[in-house]
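Working notes, structure below.
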Amino acid sequence: MEAELLGGECEYWACMLSKVLLRPADVLGNAQHVPGVASLLTDHVLDVPATLAHRDIVVNGLDDSSQIGWALGAGIDVVRGYGRRLDGERSVAVEMAAGSTRPLTALGPT
């Protein structure tokens, strides 16, 4: 169950995104202090549009279709919604985008 992009917060909004955005500034800052390299940096300004374009590539343009394909291929159902409450043994009520509620129940031990 995922309310937004399958793969979660780390992949699309937090960990990966932060690393992609911080790395260019880190590299530029380090290069400015390296003898033989610093003199090559005549414009010490980060190319923000290029950095953001690279971010979009890394997070797949916020497109999780490949993740959904993987999940479905692995036999995992993908349900878009928010888990709102426990609804019985191994069961959760999922609030769907349209406002309806769908129960999901986990299979028991085999």
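The values are calculated or read from the model by the stated rules, or taken from the named source; none is laboratory data. Note that this is a predicted model, so its numbers are computed, not measured. For neighbour counting, all protein chains shown are included, and Cβ atoms are generated from backbone atoms with ideal geometry for every residue, glycine included. Heavy atoms of the whole protein, side chains included, go into the accessibility calculation; ligands, DNA and RNA do not. Shrake-Rupley method; radii C 1.70, N 1.55, O 1.52, S 1.80 Å.
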(request) All but one of (1) assigned to a helix (DSSP H, G or I); (2) free of Cβ contacts under 8 Å to residues at least 12 places away in the same chain; (3) open to solvent by 70 Å² or more (accessible area, probe 1.4 Å) hold for GLY69, so report the exception by its number. (result) (3)
(request) Please state which one of GLY83, GLY108 is open to solvent by less than 70 Å² (accessible area, probe 1.4 Å) and either part of a loop (DSSP other than H, G, I, E, B) or without any contact (Cβ under 8 Å) to a residue 40 or more places away in the chain (or both). (result) GLY108
(request) Identify all residues within the range 52-110 that are within 30 Å of PRO24 (Cα to Cα) and either touching a Ser or Thr at 6+ places or on another chain (Cβ under 9 Å) or of a type in the set (D, E, K, R) (or both); write none if there are none. (result) ARG55, ASP56, ASN60, ASP63, ASP64
(request) Among the numbered conditions (1) assigned to a loop (DSSP other than H, G, I, E, B); (2) open to solvent by 100 Å² or more (accessible area, probe 1.4 Å); (3) farther than 30 Å from LEU104 by Cα, tell me where ASP77 comes up short. (result) (3)
(message) So, THR42, is that one among the polar types (S, T, N, Q), in a loop (DSSP other than H, G, I, E, B) and out of contact with any strand residue (DSSP E or B) (no Cβ under 9 Å at 6 or more places or on another chain) or not?
(response) yes
(message) Tally up the residues in the range 6-53 that are modelled with pLDDT under 85, under 30 Å from MET96 (Cβ atoms) and of a type in the set (A, V, I, L, M, F, W, C), please.
(response) 6
(message) Just the residues that are assigned to a helix (DSSP H, G or I) and open to solvent by less than 90 Å² (accessible area, probe 1.4 Å), please, taken from the range 52-66.
(response) LEU52, ALA53, ARG55, ASP56, VAL58, ASN60, GLY61, LEU62, SER65, SER66
(request) Please go through the range 20-51 and pick out each residue that is open to solvent by less than 70 Å² (accessible area, probe 1.4 Å), farther than 30 Å from CYS10 by Cβ and among the polar types (S, T, N, Q). (result) GLN32
(message) Take the conditions touching a strand residue (DSSP E or B) at 6+ places or on another chain (Cβ under 6 Å), modelled with pLDDT under 90 and closer than 29 Å to MET1 by Cα and apply them to ARG102. Does it pass?
(response) no
(request) For LEU17, indicate whether it is part of a loop (DSSP other than H, G, I, E, B) and in contact (Cβ under 8 Å) with a residue 40 or more places away in the chain. (result) no
(request) For the range 1-46, enumerate the residues that are of a type in the set (D, E, K, R) and closer than 30 Å to ILE68 by Cα. (result) GLU2, GLU4, GLU9, GLU11, LYS19, ARG23
